[in-house]
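Okay, so here's the structure we're looking at.
Values in this text are rule-based calculations from the coordinates and carry no lab data. Treat the numbers as computed from the prediction; the structure is a model and nothing was measured. Note that each Cβ is placed from the backbone with ideal geometry, even for glycine, and that neighbours are counted across all protein chains shown.
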């Protein structure tokens, strides 16, 4: 009996020892959170730049307008545009090539870039290019051209309704088909409202010589011209200087040139939205939808028109201009682009 009791006590103590040594079951482990998905790497911003023609920045006209468009795009898309200035036509091809190695889109401003653009676009098929005022049909080039004759027609109407001497001048740069479009449209506009007007036409032969523009304008003024329209790049600065000196009206081109005159002698300016062209190209490269195509911008597309920054065009004249503008938009008037078309043109009276 004593042995049994002792054995029972040993067994109870052993069980107590086993229970006392037992460890609690570990708590279930917290689930490990899944790693956050990695953000996709951002593509570097698309970049763009332009190569000027020989007129360069500061021409208060074509190049400045083109640069304004790229600057606007740069501000909007957070990109710093780049510019290379050409001093001679031989600079065009190397400048385009150098620019294309720096940026995603290289824009050449001016019809004289045609051959250089073709050569460089072929040399760098993986790069994108844009050209203003000329069509280059290649798979990596976007072309923007304008109906300059339509805008020139409108300022021709203004000139014809403003002249007192009945003598009006046109000063062109180089005598090439593009500038002849300006001339033909302007003359058609003048003759539509003043069929007996005498129109003097002279060319400077260059686009980058204000002194030459002034010389030609003074000669026209000596022949009684009291309104002179120029399509001559930086030469037009000289035309406006002559207007200030001799107190006749000048008509600017490409952008509002009223600020060029120190005596408010810019009657109006034929607006050619080169800034719209360069902005459109830059936006296309940034948006990823750049393609080889041709944009042809006229009055209907708001690519050309006129401005009155100096407030020198009367309300009565503007009312007549608006009638002609609408007639161009709806096709009642087809503005001539060449001397041959001008000869066949039958003026439409809408006054």
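Between 237, 251, 329, the Gaussian network model of the chain with springs among Cα atoms under 10 angstrom shows the greatest mean-square fluctuation at 329. Remark: 273, 187 ranked as 273, 187, counting other beta-carbon atoms within 10 Å and listing the fewest first. Sorting the segments 277-285, 68-76, 85-93, 254-262 by their residues' average number of neighbouring beta-carbon atoms within 10 angstrom, most packed first, yields 277-285, 254-262, 68-76, 85-93. Between the helical axis of 2-21 and the longest alpha-carbon principal axis of the chain there is an angle of about 10 degrees.
Among 266, 206, 155, the largest mean-square fluctuation in a Gaussian network model of the chain (Cα springs under 10 Å) belongs to 206. Averaging the sequence gap over all C-alpha pairs within less than 8 Å and six or more residues apart, then dividing by the number of residues, gives the chain a relative contact order of 18 percent. Counting only alpha carbon atoms, the long axis of helix 148-162 and the longest principal axis of the chain meet at about 50°. Against the main long axis of the alpha-carbon atoms of the chain, helix 62-77 sits at an angle near 20°. Of 221, 77, 207, the sequence from fewest to most neighbouring Cβ atoms within 10 angstrom is 77, 221, 207. Between the C-alpha center of the range 226-277 and that of the range 310-351 there is a gap of 20 Å. Build a GNM of the chain with springs between Cα atoms under 10 Å apart, and of 252, 310, 236 the one that fluctuates most is 310. Grab the beta carbon distance between residue 196 and residue 115, set R0 = 56 Å, and tell me the FRET efficiency rounded to 0.05. Efficiency, from the Cβ-Cβ distance: 0.85.
By the equivalent-ellipsoid construction on the alpha carbon gyration tensor, the chain comes out with semi-axes of 74, 22, 18 Å, ordered largest to smallest.
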